[in-house]
Structures are given as structure tokens and as C-alpha cells.
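Worksheet: the structure to be examined is printed underneath.
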Amino acid sequence: MSAPRWLRPIGLRLLFLFVVFLLADVGLAPLAALAARNPITGLLVGFAIAAAALFLYVRLVRWLEQRPVTELSSWRGALHGLWIGSALFAAVMLLIVASNGWRFTGYGSIADMIATFGLMAGIATLEELLFRGVLFRIGEEWAGTVLALVVSAALFGGLHLLNPAATLWGALAIAVEAGVLLGAAYVLFRNLWVPIGLHLGWNFVESGIFGATTSGSDGTVGGLLTGVPHGSAILSGGGFGPEASIYAVLVGLVASYFLLRTARRRGLVHRASWR
């Protein structure tokens, strides 16, 4: 059965899907955090939430747009994204540590690391379907790549103002280093699995390996190591976490530049349809 005609215009389609996945994110993310208190439930619930969100996305897009959901056709893209995100955040932490912006205080546990992986799998999937699968992808159809990238990145950063230790600088940093980077990954690969994997790899290394606070959130489980920021917040990220470090912004911007430059050379940067 196809969607009613009144729901097919691009603006209504975007609004409908955005509201559905925003509600899913708001409703399911706390459940993932609650389940992550135990490594087994954390892993199971995190992956179940991811699977349910992907199923919902496929069904709704097929219903509304009457097409195969090609942006989720190859799950191997998640592996590419996972190693890219892991490598990029490892580089961020290396720079912070080299600048004496981080002090290691000891070891966490493998159980915490596993629970964090499950939590981040659920959150990364929910947020990427909302911001890249819905907001950026549909927005790009009308507004073109550049404007869709700016708007989706700004709203992605703004969402993180809701976190307990949020700061305006932290939200701006998230918009620039992550919002643009994740959008750029989708532009180049045209596969939602890549930003999902990149988002997961970035967050997992941050919290699951280094035990750092993620985006000013108090729901971080912990990781293999423990540590605290040290010295200037502009270098360490302070209470918001390493993502508010200038190093994270620079690493994200450099990676985004190369992704977007490659996409442009391949003709994957689209102009606005109204132009």
C-alpha cells in the first residue's frame, strides 16, 4: 500500500519522517543507556534498538517514496565507517595526550567496554537515521548538498545542547567536527552504513576505550581505561569531553575536507533543485 498523496510532497515527507525518528531517538536512547548498566543487556538492547530503527526506516521509506532503499543496501559500509571513526578519534586523543591535556587515572573494565559498545551502536544508528537518513538526504533533494549539510550539522550540534554538561562551544564543535564529517561521509559513499559505522567508531573509542565523557552526557558507562581532562579546556575539551577540544574540531574539518573534495570530483555534490 502506498502513502496518501498529501504526504508525498518533499516538505511534508521530511517533516513526517523527522518527527517519527526524533520521537524514536528521544524514546529509545534512554532505554539503551539504562540497559548499558550490564554488559549483556547493554549489547543486546543496543543492537535490538539499532535493528528496530533500521527496520522502521526501510518500511517507512518504501511506503512513502515507493523505491528500494538503496542507501542501506550494503552493510559492509559500516565496517569502513567503523575503522575511519576509530582512527580519527584515536588521532584526537593522541594529540590531546601529547599536549598534556589528559591524565590517565587507571583501568576500567572489559564489561564496561562491551556495554558502551552496545549503547553507542543504538545511539549511532538512531541519530544517523534521523540526521543523515532523513534530514540531510531529503533536504538535499530540494536545497542541494551544501545547504543540507549546513542545516543538518547545525541541528545535530544543537541537539547536544540538551546534554547535562552541554556548552555552546561544545555544541558548535559537535556541529563542525561531527555534523559536517558524518554528512560528508554520506555524500561521498551514498550509503548510510558508513556514517553509522563512523559515528559508532568515534564514540566507542572516545568512551569505550578511553572512558571519556561523550558530548557532555552523564550517561557514559565507562571503558577500558579511565582518565580526566587536564589543563586548558580548549585543548582537553573540559567537562564536555574531548569533542570540545580544538583538536577534535581540526581533525573533523580536515577529514571532511578530503571527503567532500573527493565527492565533488566524482560529481556527487548536488545543486539545489530549485536552481
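The values are calculated or read from the model by the stated rules, or taken from the named source; none is laboratory data. Predicted model only: the values in this text are computed from it and were never measured. Here the Cβ is made from the backbone with ideal geometry for all residues, glycine too, and neighbour counts use every protein chain on show.
Matching residues to (1) closer than 14 Å to ILE138 by Cβ; (2) loosely packed, with under 14 Cβ neighbours inside 10 Å:
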residue: GLY11; (1), (2): yes, yes
residue: LEU14; (1), (2): yes, no
residue: VAL26; (1), (2): no, yes
residue: PRO30; (1), (2): no, yes
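State whether one or more residues within segment 175-187 are part of a loop (DSSP other than H, G, I, E, B) and touching a Lys or Arg at 6+ places or on another chain (Cβ under 8 Å). No, that holds for no residue. Taking segment 169-187 as the range and being surrounded by fewer than 24 Cβ atoms within 10 Å (Cβ to Cβ) and under 18 Å from LEU147 (Cβ atoms) as the test, the residues that pass are ALA175, VAL176. Selection of segment 38-79 for residues being more than 17 Å from the chain's Cα centre (by Cα), of a type in the set (A, V, I, L, M) and part of a helix (DSSP H, G or I) yields ILE40, LEU43, LEU44, VAL45, ALA48, ALA52, LEU56, VAL58, LEU60, VAL61, LEU64. Looking across VAL194, VAL228, one residue alone is buried (at least 24 other Cβ atoms within 10 Å of the Cβ), at negative phi and out of contact with any Asp or Glu (no Cβ under 7 Å at 6 or more places or on another chain). It is VAL194.
The criterion of being part of a loop (DSSP other than H, G, I, E, B), under 23 Å from TYR57 (Cβ atoms) and not charged (D, E, K, R) holds for ASN191.
SER152 falls short on exactly one of the conditions (1) more than 18 Å from SER215 (Cβ to Cβ); (2) free of Cβ contacts under 8 Å to residues at least 60 places away in the same chain; (3) of a type outside the set (Phe, Trp, Tyr), and that condition is (1). Screening ILE234 with (1) farther than 14 Å from ALA248 by Cα; (2) surrounded by fewer than 23 Cβ atoms within 10 Å (Cβ to Cβ); (3) among the hydrophobic types (A, V, I, L, M, F, W, C) gives one miss only, at (1).
Residue by residue, here is whether (1) modelled with pLDDT of 95 or more; (2) under 19 Å from the mean Cα position of the chain (by Cα); (3) within 21 Å of ALA178 (Cβ to Cβ) holds:
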residue: THR220; (1), (2), (3): no, yes, yes
residue: THR226; (1), (2), (3): no, no, no
residue: ALA233; (1), (2), (3): no, no, yes
residue: PHE240; (1), (2), (3): no, yes, yes
residue: LEU253; (1), (2), (3): yes, yes, yes
residue: SER256; (1), (2), (3): yes, yes, yes
residue: ARG264; (1), (2), (3): yes, no, yes
residue: HIS270; (1), (2), (3): no, no, no
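Does segment 27-37 contain at least one residue that is among the small types (Gly, Ala, Ser), in a helix (DSSP H, G or I), closer than 16 Å to ILE196 by Cα and modelled with pLDDT of 95 or more? Within segment 27-37, not a single residue is among the small types (Gly, Ala, Ser), in a helix (DSSP H, G or I), closer than 16 Å to ILE196 by Cα and modelled with pLDDT of 95 or more. On the stretch given as segment 83-107, residues that are crowded, with 21+ Cβ neighbours inside 10 Å and farther than 29 Å from PHE21 by Cα total 5.
Listed here are the residues, each with its yes/no results for (1) in a helix (DSSP H, G or I); (2) out of contact with any Pro (no Cβ under 7 Å at 6 or more places or on another chain); (3) at positive phi.
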{"site": "VAL205", "(1), (2), (3)": "yes, yes, no"}
{"site": "ALA212", "(1), (2), (3)": "no, no, no"}
{"site": "GLY216", "(1), (2), (3)": "no, no, yes"}
{"site": "GLY239", "(1), (2), (3)": "yes, yes, no"}
{"site": "ALA248", "(1), (2), (3)": "yes, no, no"}
{"site": "GLY252", "(1), (2), (3)": "yes, yes, no"}
{"site": "ALA255", "(1), (2), (3)": "yes, yes, no"}
{"site": "GLY267", "(1), (2), (3)": "no, yes, yes"}
{"site": "ALA272", "(1), (2), (3)": "no, yes, no"}
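When you check VAL150 against the structure, is it surrounded by fewer than 23 Cβ atoms within 10 Å (Cβ to Cβ) and in contact with a helix residue (DSSP H, G or I) (Cβ under 9 Å, 6 or more places away or on another chain), yes or no? The answer is yes for VAL150.
One residue stands out among those in segment 80-120 that are part of a helix (DSSP H, G or I) and of a type outside the set (A, V, I, L, M, F, W, C): the one that is farthest from the chain's Cα centre (by Cα), which is ASP112.
Can you confirm whether GLY144 is surrounded by 20 or more Cβ atoms within 10 Å (Cβ to Cβ) and either at pLDDT 95 or above or assigned to a helix (DSSP H, G or I) (or both)? No, not satisfied.
Being surrounded by fewer than 24 Cβ atoms within 10 Å (Cβ to Cβ) and out of contact with any Phe, Trp or Tyr (no Cβ under 9 Å at 6 or more places or on another chain) is the filter here; which residues of segment 113-138 pass it? Result: ILE114, single match.
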